[in-house]
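*Asks:* This structure is in structure tokens; I'll ask about it shortly.
Coordinate-derived values only; no laboratory data. All figures in this text were calculated on a predicted structure; none of them were measured in a lab. In this analysis, Cβ positions are derived from the backbone assuming ideal geometry, glycine residues included, and neighbour counts consider all displayed protein chains.
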Amino acid sequence: MPASIPPFTLEDFDMTPAKRAELTHGLTERQAFMGNRWMDMLRIVGAGRWEGYEDYFDTDKFTYSNPNRPDLASFAVWSAGGRELLTTFPPCVYRTLGIWARGDDEICTFNHHHGKHTGGPYMGVQPTGNELNVLWFSRVKFEGDKIVQIYSISDVLSMLIDLEVISAPQPVDPYK
């Protein structure tokens, strides 16, 4: 598990009302609404309940950008990838660790995705049982109550190392 994630249990992925209030403290009512919509969407995805998932998005306008995954631009392709994660990395749970906002249509979220590589191959590697703990930031744009754009950046290097897709020496001091 990456050193930047303190020890956790699966219960930590239950975004309780108290945890949500802590995360949205200091935001305007509108910004807190957007943050809660984001956390609601992650809860549905992590539970594997895709019914009603589309209700969080304007699927016609939606765009997704991530320099690590330029193939996931449309809602259909992006959401299909999310469904694959559920079967490849059960229990495949998500939680929000921080929320910031700008104006009435944009939030930035810091998130954690956890699972275990037990459900199927990933990038040619058969299941290893290794844990997946990915930290990522998403900039999320809304129109009304619908998400229309997500830009995400995640710690893919650590994920690929943890899943044994690649090996990479980890420097103690990169300047020596």
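*Asks:* Projecting each Cα onto the charge dipole of the chain (Lys/Arg +1, Asp/Glu -1 at the beta carbon, about the Cα centre), which of M123, P169, W100 comes out farthest on the positive side?
*Replies:* Of the candidates, P169 comes out farthest on the positive side.
*Asks:* Next question. Can you tell me which of F137, F33, F13 moves the most in a GNM of the chain? Springs connect C-alpha atoms under 10 Å apart.
*Replies:* For the chain, modelled as a Gaussian network with Cα springs under 10 Å, the answer is F33.
*Asks:* Ok, one more. Among (i) 137; (ii) 155; (iii) 129, find the value of volume of the Cα convex hull per residue in Å³ that was calculated from the structure presented, and write down its label.
*Replies:* Given (i) 137; (ii) 155; (iii) 129, the calculated one carries the label (i).
*Asks:* Here is a further query. Sequence gap at least 6, Cα distance under 8 Å: using those rules, report the relative contact order of the chain to the nearest whole percent.
*Replies:* Normalised by residue count, the contact order of the chain is 21 percent.
*Asks:* Moving on to the next point. Report the extension gain between R69 and L97 in nm, rounded to one decimal, defined as 0.36 nm multiplied by the number of residues separating them, less their alpha carbon distance.
*Replies:* Details: separation 28, 0.36 × 28 = 10.08 nm, distance 2.24 nm.
So the extension gain works out to 7.8 nm.
*Asks:* Report relative contact order for the stretch 61-153 in percent, whole number only (criteria: Cα-Cα under 8 Å, sequence separation at least 6). Provide the component values of the computation, followed by the final result.
*Replies:* Values: 180 pairs, mean separation 26.1, N = 93.
Relative contact order, the stretch 61-153: 28 percent.
*Asks:* Using a Cα distance threshold of under 28 Å, what count of lysine pairs results for the chain when pairs must be 8 or more residues apart or interchain? Walk me through the numbers before you get to the answer.
*Replies:* On the way: K19/K116; K19/K141; K19/K146; K61/K141; K61/K146.
Summing the qualifying lysine pairs gives 5.
*Asks:* Sticking with this one: Pick out which of N36, N68, N111 has the largest mean-square fluctuation in a Gaussian network model of the chain, springs linking Cα atoms closer than 10 Å.
*Replies:* Largest GNM mean-square fluctuation: N68.
*Asks:* What length, rounded to one decimal in nm, is gained on full extension from H25 through to S167, with 0.36 nm per residue of separation minus their alpha-carbon distance?
*Replies:* Working: separation 142, 0.36 × 142 = 51.12 nm, distance 4.05 nm.
Taking H25 through S167 to full extension adds about 47.1 nm, to one decimal.
*Asks:* Still on this structure, I have one more. Helix 75-88 against the longest principal axis of the chain: what's the angle in degrees, Cα atoms only, rounded to the nearest 10?
*Replies:* Here the helix axis deviates by roughly 50 degrees.
*Asks:* Give, as a single signed number, the net charge of other residues whose beta carbon lies under 9 Å from the beta carbon of S152, with Lys and Arg counted +1 and Asp and Glu -1. Mind dumping the intermediate values first?
*Replies:* Numbers: positive: R69, R139; negative: none.
Neighbourhood net charge equals +2.
*Asks:* Can you give me the relative contact order of the stretch 18-91 as a percent, contacts being Cα pairs under 8 Å and 6 or more apart? Before the final figure, lay out the partial values.
*Replies:* Numbers: 34 pairs, mean separation 14.6, N = 74.
Rounded, it is 20 percent for the stretch 18-91.
*Asks:* Which net charge results when you count Lys and Arg as +1 and Asp and Glu as -1 among the other residues whose beta-carbon is under 15 Å from that of S79? Intermediate values should be presented prior to the final figure.
*Replies:* Numbers: positive: R49, K61, R69, R83, K146; negative: E51, E54, D55, D58, D60, D71, E84.
Computed value for this residue: -2.
*Asks:* Can I ask one more? With +1 on each Lys and Arg Cβ and -1 on each Asp and Glu Cβ, and nothing else charged, work out how big the dipole of the chain is about its Cα centre, in Debye to the nearest 20.
*Replies:* On the way: 16 positive and 23 negative charges, 37 e Å.
Using only the charged Cβ atoms, the result is roughly 180 debye.
*Asks:* Cα centroid distance between the stretch 141-167 and the stretch 34-59, in Å?
*Replies:* For the stretch 141-167 versus the stretch 34-59, the Cα centre distance is 16 Å.
*Asks:* Percent of Cα-Cα pairs more than 15 Å apart in the stretch 84-127, please.
*Replies:* Values: 519 of 946 pairs.
Tail fraction, whole percent: 55.
*Asks:* A further question on this structure: Per DSSP H run of at least 4 residues, take -39500 (n - 2.57); add these up for the chain, divide by its residues and hand me the 222 nm value, nearest 500 deg cm²/dmol.
*Replies:* Details: 4 runs with 48 residues, N = 176.
Calculated mean residue ellipticity at 222 nm is -8500 deg cm²/dmol.
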